[in-house]
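Structure record follows, encoded as structure tokens.
What follows is calculated from the coordinates using simple rules that are stated; it is not laboratory data. Keep in mind it's a predicted model, so treat the numbers as computed, not measured. So basically every Cβ, Gly included, is an ideal-geometry build from the backbone, and we count neighbours across all protein chains shown.
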Ligand SMILES: Cc1cc2nc3c(=O)[nH]c(=O)nc-3n(C[C@H](O)[C@H](O)[C@H](O)COP(=O)(O)OP(=O)(O)OC[C@H]3O[C@@H](n4cnc5c(N)ncnc54)[C@H](O)[C@@H]3O)c2cc1C
């Protein structure tokens with residue numbers, strides 16, 4: 001390689017492969033880089049992965065993807081957050097909303113003022129102050145509406161979409177940017193001085209490249225099969241190791257939220273799309289058989305099942321080296337954590353964004369770049385893992401699975417977060433951490449994390465005045481809500497937009 005990156009070979013045409021193809025095709029194609037994607041029609045994609053988080057909008061904007069066209073093509077819907085049902089104890093629920101909650105009060109962050117007032121019995125539940133949480137629960141949605149300082153002007157949202165249709169949609173975009181698709185099964189990976197020299201397809205052809213992206217899903221054909229990058233196992237922190245998934249008939253009045261419903265040995269997801277609902281049950285095979293998990297899933301469906309349930313086995317953890325030689329793993333080949341906070345597709349996006357900042361400038365990649373990438377991605381995975389573990393650790397359910405989770409040791413980073421929160425409700429976001437203070441506040445208070453006392457900085461303001469300010473914020477949110485149409489209306493609007 002000299003100067004321009006000559007050729008990039010992406011192996012795998014699932015969500016990860018096609019996201020990479022659009023990004024590389026659009027951003028590097030004009031500079032003369034040849035981008036080829038190899039996928040096998042004989043090997044199915046994972047076919048799930050339908051809930052996202054707000055940064056995906058930045059990714060789409062970077063790639064010039066039109067939101068309306070994307071939602072129409074993928075049967076997509078809007079998402080304002082995740083509702084955790086029964087995670088503390090059966091019958092209780094809370095929303096982890098996107099976006100901001102409230103505003104500073106007397107120069108003190110909303111979270112601190114709210115916590116103090118809540119402890120004094122002078123504030124409502126956190127969700128009352130979040131437009132996204134209220135709208136999600138009420139089945140309403142609007143894109144941001146420019147309206148001064150109103151919460152309507154900064155609505156945080158993401159999407160649900162059909163994973164299969166998303167890959168088809170991205171493929172069209174990638175091909176329009178000059179990406180070449182090669183259909184064929186990779187039978188052999190040829191090693192070379194830089195790492196990978198070429199992949200050999202079943203028809204006898206050989207595809208060589210300068211840089212290889214392993215997007216072959218759980219198979220990890222290049223990064224592990226050829227390069228043995230190693231696996232860091234996290235099943236001690238997150239022991240669920242199976243999911244069973246089934247689509248069902250669409251909801252007439254879909255909520256703009258993902259539901260995560262706790263079950264005796266795991267949890268179920270429910271994801272509303274325009275043309276169907278995605279359902280799944282993530283569980284621990286030590287606590288529940290595949291038949292039992294399937295029965296629980298089917299019993300919880302609201303509409304008719306549209307296919308046979310499908311069991312997916314997985315391991316939780318990540319490649320010890322995400323980048324090895326001239327090969328970078330993305331998507332399931334890079335690692336996996338259960339979809340509790342819809343983070344896997346985001347990790348593809350962030351892997352790509354880091355990679356695009358660290359591309360080799362000619363010749364083999366510098367080891368310093370490779371090390372930096374691996375450290376960055378490991379950090380991202382670790383911080384998301386800690387957030388997920390918090391959901392399980394803080395529970396008051398009685399089933400053996402849940403008691404085990406409450407009693408199990410937790411990672412040091414999470415232990416520190418919980419200790420800081422316990423001592424006056426402090427939350428500190430680590431550098432580059434995906435989940436911000438609002439997300440942690442929503443989940444920690446939603447899960448009843450213990451907290452003693454409050455931040456003394458609040459005491460400059462009498463509690464009665466703080467309570468009044470909180471009530472004002474709640475009124476603004478209530479008024480804003482009336483400006484948001486039903487989510488179903490916002491989706492119907494997509495068809496109308498096409499006709500304009
Ligand atoms: C149960 C479950 C639920 C999930 N839910 C969510 C969610 O809600 N939100 C979220 O963000 N993420 C979710 N994910 C993760 C998400 O599905 C994946 O991160 C995403 O789809 C990326 O998958 P992939 O492209 O890496 O792999 P895959 O979809 O498995 O694609 C692999 C590709 O590699 C190709 N391939 C494999 N071997 C060969 C070969 N020998 N030759 C040629 N081609 C080959 C296949 O043909 C296929 O095209 C979920 C995952 C699971 C398991």
* Segment residue 489-residue 367, length gained on full extension (0.36 nm per residue, minus Cα span) -> 38.7 nm
* Structure fact -> Compactness check, the chain: C-alpha Rg relative to the 2.2 N^0.38 Å globular estimate gives 1.00
* Asked: What full-extension length gain, to one decimal in nm, is calculated for residue 448 and residue 31 as 0.36 nm per residue of separation minus the Cα-Cα distance?
  -> 144.9 nm
* Asked: What is the gain in length, in nm to one decimal, between residue 465 and residue 180 on full extension, counting 0.36 nm per residue of separation less the C-alpha to C-alpha distance?
  -> 96.3 nm
* Asked: Peptides 306-319, 162-175, 216-229: what's the order by average Cβ count within 10 Å, highest mean first?
  -> 216-229, 162-175, 306-319
* Asked: How many nm separate the modelled label positions at residue 145 and residue 203, each set 7 Å beyond the Cα in the direction of the Cβ?
  -> 5.4 nm
* Using the beta-carbon distance between residue 104 and residue 415 and R0 = 30 Å, what value does 1/(1 + (r/R0)^6) give for FRET efficiency, to the nearest 0.05? -> 0.55
* Between residue 187 and residue 119, what FRET efficiency follows from the Cβ-Cβ distance if R0 is 45 Å, with the result rounded to 0.05? -> 0.10
* Asked: So for 205, 342, fewest C-beta neighbours within 10 Å to most, what's the order?
  -> 205, 342
* Structure fact -> Percent antiparallel among DSSP beta bridges confined to the stretch 2-139, nearest 5, equals 60 percent
* Most exposed first by the Cβ proxy, i.e. fewest other Cβ within 10 Å, how do 60, 302, 391 rank? -> 302, 60, 391
* Structure fact -> Applying the gyration tensor rule to the Cα atoms of the stretch 442-481 (axes a ≥ b ≥ c; rounded if a/c under 1.5, else prolate if a/b exceeds b/c, else oblate), the class is oblate
* **Simple spin-label estimate for residue 423 and residue 68 in nanometres, 7 Å along Cα-Cβ** => 5.4 nm
* Structure fact -> Over the chain, the sum of -39500 (n - 2.57) across DSSP H runs of at least four, divided by residue number and rounded to 500 deg cm²/dmol, gives at 222 nm -11000 deg cm²/dmol
* Rounded to the nearest 5, what is the percent of antiparallel bridges among the DSSP beta bridges in the chain? -> 70 percent
* How would you rank 190-198, 150-158, 111-119, highest first, on the average number of other Cβ atoms within 10 Å across their residues? -> 111-119, 150-158, 190-198
* Structure fact -> Rounded to the nearest Å, the spacing of the alpha-carbon centers of the stretch 1-58 and the stretch 237-275 is 27 Å
* Asked: How are the Cα pair distances of the stretch 1-159 distributed, in percent, across 5 Å bins from 0?
  -> 2, 7, 11, 14, 15, 13, 10, 9, 8, 6, 4, 2, 0, 0
* Structure fact -> The distance between the Cα centres of the stretch 437-497 and the stretch 310-338, in whole Å, is 36 Å
* Tell me, 430, 437 in order of fewest to most beta-carbon neighbours within 10 Å? -> 430, 437
* Asked: By the gyration tensor of its Cα atoms, with a ≥ b ≥ c the square roots of the eigenvalues, what is the shape of the stretch 347-500: rounded for a/c under 1.5, prolate for a/b over b/c, or oblate?
  -> oblate
* To do: Between residue 235 and residue 496, with labels modelled 7 Å along Cα→Cβ, what's the label distance in nm to one decimal, could you check?
  => 5.2 nm
* Asked: With contacts defined as alpha carbon pairs under 8 Å and 6 or more residues apart, what's the relative contact order of the chain in percent?
  -> 22 percent
* Structure fact -> Classified through the alpha carbon gyration tensor (a ≥ b ≥ c as square roots of its eigenvalues; rounded if a/c is under 1.5, else prolate when a/b is larger than b/c, else oblate), the stretch 242-313 comes out prolate
